[in-house]
1. Could you grab me the full set of residues in segment 91-115 that are closer than 24 Å to residue 136 by Cβ, more than 16 Å from the chain's Cα centre (by Cα) and exposed (fewer than 15 other Cβ atoms within 10 Å of the Cβ)?
2. Any idea which residue in segment 36-59 is nearest to residue 130 (Cα to Cα), counting only those that are in contact with a Ser or Thr (Cβ under 8 Å, 6 or more places away or on another chain) and either buried (at least 20 other Cβ atoms within 10 Å of the Cβ) or of a type in the set (Lys, Arg) (or both)?
3. Has segment 74-89 got any residue that is farther than 21 Å from residue 152 by Cα, among the β-branched types (Val, Ile, Thr), in contact with a helix residue (DSSP H, G or I) (Cβ under 9 Å, 6 or more places away or on another chain) and surrounded by fewer than 19 Cβ atoms within 10 Å (Cβ to Cβ)?
4. Which one is surrounded by the most Cβ atoms within 10 Å (Cβ to Cβ), of the residues in segment 1-35 that are farther than 13 Å from residue 146 by Cα and acidic (Asp, Glu)?
5. Which pairs do you get when a residue that is farther than 30 Å from residue 153 by Cβ, found in segment 25-49, comes within reach of a residue that is polar (S, T, N, Q), reach meaning Cβ atoms under 7 angstrom, with the pair 6+ apart or on two chains?
6. Considering only residues of segment 116-131 that are assigned to a loop (DSSP other than H, G, I, E, B) and at pLDDT below 90, which is surrounded by the most Cβ atoms within 10 Å (Cβ to Cβ)?
7. Being without any contact (Cβ under 8 Å) to a residue 24 or more places away in the chain and not in a helix (DSSP H, G or I) is the filter; apply it to segment 67-115 and report the residue that is farthest from residue 34 (Cα to Cα).
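The values are calculated or read from the model by the stated rules, or taken from the named source; none is laboratory data. Predicted, not measured: the structure shown is a model, and the values here were computed from it. When we count neighbours, we look across all protein chains shown, and the Cβ atoms used for this are built from the backbone with ideal geometry, even at glycine.
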Amino acid sequence: MIILGIDPGSLKAGYAVIELENRKYKYLASGVMKYAHIETFIDRLGLIFNSCKNLMEEYQPDEIAIESLVYVQGTTSILKLAQARGAMLAAFNLYKCGHIYEYSPNEIKSWVSGHGHAPKESIQKALDMVFKGIIYKTDDESDALAIAFAHTLSSRKLPVKVTTKKKCRGTRLRDLRN
């Protein structure tokens, strides 16, 4: 199964493509789609749509995981982000690849690192345990990989060991080791 993870944005968006087969993860690609060079926002939406359409054509994912809207200071910012996500979702729906899943930042952090408020460094360390040696150009790229990886953890429903100290909300990395 090929999963596309998207960290949406109106100026730039991170993406990551992974493959999951028989509980084995394979990193395929990641990067950042940049839109800031287009001055008018309306024209930028067309570029956002086309760049996501190109991702679909190139990688043909079975499932897509995208970060949900988060609190952003200022109504203009949240409205632009919502419109950018709309353009992305329109491109994804055009290809009817399967299902599109949406996750909050805290859900993603919790599934990847075990803590819903983990810093980016902790998330990247956890990702490095599974996808060894990846160098991220930006945080958007590592965020997108975390989104794709979190999706695989949330949808597989592996049994979770519960300790007496605290309950685990998702699959832990050590549960994935063979």
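1. Scanning segment 91-115 gives a single hit, 115.
2. If we filter segment 36-59 for residues that are in contact with a Ser or Thr (Cβ under 8 Å, 6 or more places away or on another chain), which is where we start, we get 41, 44, 48.
So of that shortlist, the ones also either buried (at least 20 other Cβ atoms within 10 Å of the Cβ) or of a type in the set (Lys, Arg) (or both) come out as 44, 48.
Values: 44: 35, 48: 30 Å.
Among those that are in contact with a Ser or Thr (Cβ under 8 Å, 6 or more places away or on another chain) and either buried (at least 20 other Cβ atoms within 10 Å of the Cβ) or of a type in the set (Lys, Arg) (or both), it is 48.
3. Checked segment 74-89: no residue is farther than 21 Å from residue 152 by Cα, among the β-branched types (Val, Ile, Thr), in contact with a helix residue (DSSP H, G or I) (Cβ under 9 Å, 6 or more places away or on another chain) and surrounded by fewer than 19 Cβ atoms within 10 Å (Cβ to Cβ).
4. This residue is 19.
5. 44/10; 45/83
6. Within segment 116-131, the match that is surrounded by the most Cβ atoms within 10 Å (Cβ to Cβ) is 118.
7. Looking at residues that are without any contact (Cβ under 8 Å) to a residue 24 or more places away in the chain and not in a helix (DSSP H, G or I), I get 115.
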